[in-house]
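Report on the following structure.
Coordinate-derived values only; no laboratory data. Predicted model only: the values in this text are computed from it and were never measured. Note: ideal-geometry Cβ built from the backbone for every residue, glycine included; neighbour counts use all protein chains shown.
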Amino acid sequence: MCPRLTAAPSATTGIRRGRHVFARLLLGSVLVATGWIAGPQAACASSAVAAPPCARPLYLTFDTGHMGVARLVADTLRAQGVRATFFLAHERTLEGGGSLDDGWAPWWRELAQAGHRLASHTFDHVYWLADRGDGGFTVRASAGPDQGVRQNWTAARYCAEVERSQARIRQMTGQEPLPLFRAPGGKTSPALLQAAQACGYQHVGWSAAGFLGDELPSDRFPNERLLRQALDRIQPGDILVAHLGIWSRQDPWAPAVLAPLLQGLKARGFCFATVDQHPRYGRSHPLP
């Protein structure tokens, strides 16, 4: 496995980090070309993590939802030239199917081909509820045949659930998903994170200011307030989170907030990168 970067992000270190990664890329290319590095080490050297495109990066992420605004989100990202990271679960959609069914497969494939990154949100959108004394977990799925049922799972069963979504991503896109996942609701425990990491998956949460509020009731948190709040609070290195449709929000957040938010953040000197370019989560996964 290629080594990860571990430095914490900040505006002051972004330029130095970019120069450091560029130097690694250059050195790796020379060593591979001259035969000093071969085999897996050569793959690591030649596909080192790309540096974020500026010193003030943000990491925009989306979780699945009812998919009612998914195409509008993709259109907005394309128009703004922004790549994002998507965490996928097989959730019920407005159209009556599921977000990972064959009807949505071409859309996910196009998204991956456009350079967006995909990873697991657990297949049946499974919430962690509690740790168990036997090393397992109490969970409850909000989708799938066991929707709403409390279950006791082993750590291996939880890892298999994360992998179910990863396998579907491979099947739909023909590409390898990121070795990352996001637990529904961001609900985890140290034991759950340790179990997932032992299976090769690192958890991605979000920054406090990066919660964009699309899950909140629109009567109390109108779009104008959410936009203003995000523009005021977001800082370099923040991971942002929104969804591809929230059942309970009457006034959809996207694209009403998304387009002016991206424009406003770029005007403030921010740029956007996918999570595999984050120093905490980066790995040898070359951009297309």
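FRET efficiency for the Ala198 to Asp219 pair, using the beta carbon distance and R₀ = 51 Å, is estimated at 0.70. Shape class of the stretch 207-288 from the Cα gyration tensor (axes a ≥ b ≥ c, square roots of the eigenvalues): prolate, since a/c reaches 1.5 or more and a/b is larger than b/c. Look at Phe137, Phe181, Phe221 and count the other Cβ atoms within 10 Å of each Cβ; fewest to most, that gives Phe221, Phe137, Phe181.
Start at zero, step by 10 Å, and the Cα-Cα distances of the stretch 90-205 spread as 14, 46, 31, 9, 0 percent across the bins. Counting only Cα atoms, the size of the stretch 51-277 along its three principal axes is 51, 39, 38 Å, in decreasing order. Taking every alpha-carbon pair under 8 Å whose residues sit at least 6 apart, the stretch 124-205 reaches a relative contact order of 28 percent. Neighbour counts of C-beta atoms inside 10 Å place Cys159, Cys199 in the sequence Cys199, Cys159, starting with the fewest.
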